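The values are calculated or read from the model by the stated rules, or taken from the named source; none is laboratory data. What you see is a predicted model, and the numbers here were worked out from it, not measured in a lab. Cβ coordinates were reconstructed from backbone atoms using ideal geometry, including for glycine residues, and neighbour counts include every protein chain displayed. For the accessible areas, the whole protein counts, side chains as well, though only heavy atoms, and no ligand, DNA or RNA atoms are used. Shrake-Rupley method; radii C 1.70, N 1.55, O 1.52, S 1.80 Å.
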Amino acid sequence: MDSSASALEPLFAFLSYALIQAELAFYKIPGSHVIARYVKSSHQNDPGRTVLEVLLALFAIRTLLQSRTRADNGEKHFIQFSEKEIDELVDEWTPEPLGAPLTTEEQMDLASIPVVSGPNGPRPKLVNTGKQVLNLASYNFTGLAGNETIKERAIETLRKYGVGSCGPPGFYGTIDVHMDLERDIADFLGTEAAILYSQAFATISSSIAAFAKRGDIIVADRGVNFAIQKGLQISRSTIRWFDHNDLKGLEDVLQNVEKERRKRRGPLTRRFIVTEGIFERDGTISDLPKLIELKHKYKYRLVLDESVSFGTVGRTGRGLTELYNVPATQIDMLLGSVANGLNSSGGFCAGSRHVVDHQRINGTSFVFSAAVPALLAVSASEGINILRNTPSILSTLQENIRAIRAVLERVDCITIPSHAASPIIHIYVRAQAPAATAVAGSKSSSNSAPLAFDIALEERLLQDVVDEALAQGVWITRARRLRGQEIVEARPSIRLAVTAALSRKECERAAGVVKAAAVKVLTKRK
C-alpha cells in the first residue's frame, strides 16, 4: 500500500503544480476575479446550477465545432451536374402560373361589363350598345355626380392646385383643402374630429388594424363586407362572430366572452364590436340604439361602418345617427365613404380627437397612400354643403326607393331582403320548394348555418335578368363577390342602386323593366 502511494506521489505533485499554474494564469485575465467570485457564490448557493451551466457551455462548444465540421463536409452531399445537364433541366422545367386560368363563367363576366361613353350619371350612354340607359347600377344616390356647382368648384380647384397631391398625408401630401374637408365632415356628423383616407376600401381595414392588436377581442357580424373582413384579418385579434344582424345573438356572444375570461382568469383587454350601418351584402340596417345599449352594458367600443348609409339616410344624409336621433359621440369610430356618399373619392373615420390623432401615426393607409387630389376634396366639401342645405334630395331619394319597391315587392319569383329605407336594393331568386342544395361551402366556423342555394345556378339566372334589362334600356348589375375568399359566402343577388337624380316616373319604368325581365327569365327555370 505504501509502495503504491509513493509511486503515485509524483503524479499528484504534477497535478497540483498544473492546477496552481492554471489558477495563476486564469487570474492574470482581466475580469477573472469577478468570474471566480460569481462561480463560488453560485456553487455555494445552488451547486446544481453550476453543473447545469458547465453542461450548457460544453453543449455550446460541441455545437459550434459540429456546425463547422458540417460546413466543411457539406459539398459531399450535392450532386454535381454538367453544364449540358443543367441546360436540359432548365429547358424541361415548366413554372407554375401566377394564377389559375379564367373559367368560362369568369371570361363571360369580363366580357359583359358595360363601358360608359362620356360622363357617368343617371342616364349614361354605353359603348357596348351605343344607347342611353337608366342607371340603377352606380352609387350616385343623391345625384351629386352631375352637379354643376360641384363641377365648377372642381375646375377652379384644378386650376389653383393642379391634379395630384404628390405624397402621403403624413409626410408632404396634406393640403389646406384636406384639412377643410376633415373639419366639414366632423362638423356635419357632430364629432370632435375626422381623418380623411384616400381609398374608401382601405379606410376600415386600416382603422381597425390601427387599434386592435393580437390578444384583443373583436365581436363582429357575420355579414360584414369584405373590407372589414380584411381589417379583422390584419389585426390578428381574437374574433368572435354573431349571426347576421341578430342582436340577441350578439348579446349571447358578449356574455360568453366575459364568462371565458373569468373562467381562465384572463386580464382585461381592448374589446370592440364591429358592424355596418347599412350592410353592403344585403341592404339590411343595424339597430343602432340597441348596439349602443349593449356597448355600454358590456364595456365595448363600437366601430360602425357607414359606407352605404352616410349620405343616403337621415333627413340630411348624416346616416344612422340622424335616422335614429343618436349623438355621433356615442360611437367610438364612425367610418364612411366619401366616394359613395359624396360622389368624390376616399373614406373617413370620425370620432374623438384621440381616435383621429392615433390614426395619423398608426393608420397604414393614411401614412403610406398618397392623399386625394385637391379637386376631389373640394368636391366632397361642396357635396356636404349641398346635403346640408337641400334636404329635399334625401326626400326624393326615399320616394324613389318606395316607388321601385312598390313594383318589385309584388313579383312572386324574387325576394328583397333589404330594409325599406336602404338605397341599395338586393334581389334574390325566390327559393323553390324544396330548397336547392348548396354547392358552395362556407369558410366560417362549424356553427355557421349551411347554405341553402345553388351559387352557380342563381348567378347564371340573375345575369340573364341583368342582360334582359339592359336590352330594354335599364342598367343594373349583379352584386360582385370574391368567391372562396369571404368568411361566409354571400347569396347571389342583383343590386339596385337607387338615385335621386331620376324622376319618380323613370324609377317606376325602370322597376317595371326589371320586373318583366325577372318574370321572363325566372319563370322558365325548371
Tell me, what HN-Hα J-couplings in whole Hz come from the Karplus equation 6.51 cos²θ - 1.76 cosθ + 1.60 at θ = phi - 60° for each residue of region 173-189, using x for Gly and Pro?
x, 7, 10, 4, 5, 5, 5, 4, 5, 4, 5, 5, 5, 4, 5, 5, 8
Debye log10 I(q)/I(0) for region 86-181, one point scatterer per Cα, at q = 0.12, 0.16, 0.24 Å⁻¹:
-0.76, -0.94, -1.19
Per the C-alpha gyration tensor (a ≥ b ≥ c, the square roots of its eigenvalues), region 148-389 is rounded if a/c is under 1.5, else prolate if a/b beats b/c, else oblate; here it's prolate
Which whole-number percent gives the relative contact order of the chain, counting Cα pairs below 8 Å spaced six or more residues apart?
17 percent
Proximal lysines relative to K297, as straight alpha-carbon distance under 19 Å, when same-chain residues fewer than 8 apart are discounted:
K248, K259
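For a test of the definition: using alpha carbon positions, the gyration tensor, and the 1.5 limit on a/c, classify region 195-282 as rounded, prolate or oblate. Mind dumping the intermediate values first?
Working: a/c = 2.82, a/b = 1.39, b/c = 2.03.
Oblate, because a/c is 1.5 or more while a/b does not exceed b/c.
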Of K263/K299; K131/K151; K125/K520; K230/K299; K230/K263; K263/K295, which sit over 27 Å apart, Cα to Cα?
K230/K263
When all protein chains stay in place, what accessible area (Å², nearest 10, 1.4 Å probe) is found for I86?
70 Å²
Accessible-area order (highest first, 1.4 angstrom probe) of the listed residues R478, R402:
R402, R478
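What percent do you get for the relative contact order of region 148-389 when only Cα pairs under 8 Å and 6+ apart count?
32 percent
Sort Y197, Y161 by heavy-atom solvent-accessible area, probe 1.4 angstrom, most to least.
Per-residue accessible area, sorted high to low, gives Y161, Y197.
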Probe radius 1.4 Å, ligands and nucleic acids left out: which of C413, C166 has the largest accessible area, and how do the rest follow?
C166, C413
Tell me the accessible surface of F59 in square angstrom (1.4 angstrom probe, heavy atoms of protein chains only), to the nearest ten.
130 Å²
Go ahead and estimate [θ] at 222 nm for the chain from helices alone: -39,500 (n - 2.57) per DSSP H run with n ≥ 4, summed, over the residue count, rounded to 500.
-15500 deg cm²/dmol
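Using the heavy atoms of the protein chains and a 1.4 angstrom probe, tell me the accessible area per residue for the chain in square angstrom.
54 Å²
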Given labels modelled 7 Å from the Cα in the Cβ direction, how far is it in nm from K297 to I234?
3.3 nm
Of 329-335, 187-193, 490-496, ordering from highest average Cβ density within 10 Å down gives 490-496, 329-335, 187-193
Assign unit charges at the C-beta atoms only (+1 for Lys and Arg, -1 for Asp and Glu), then state the dipole size of the chain relative to its Cα centre in Debye, rounded to the nearest 20.
1540 debye
The relative contact order of region 96-142, taking Cα pairs under 8 Å that sit 6 or more residues apart, comes to a percentage of 23 percent
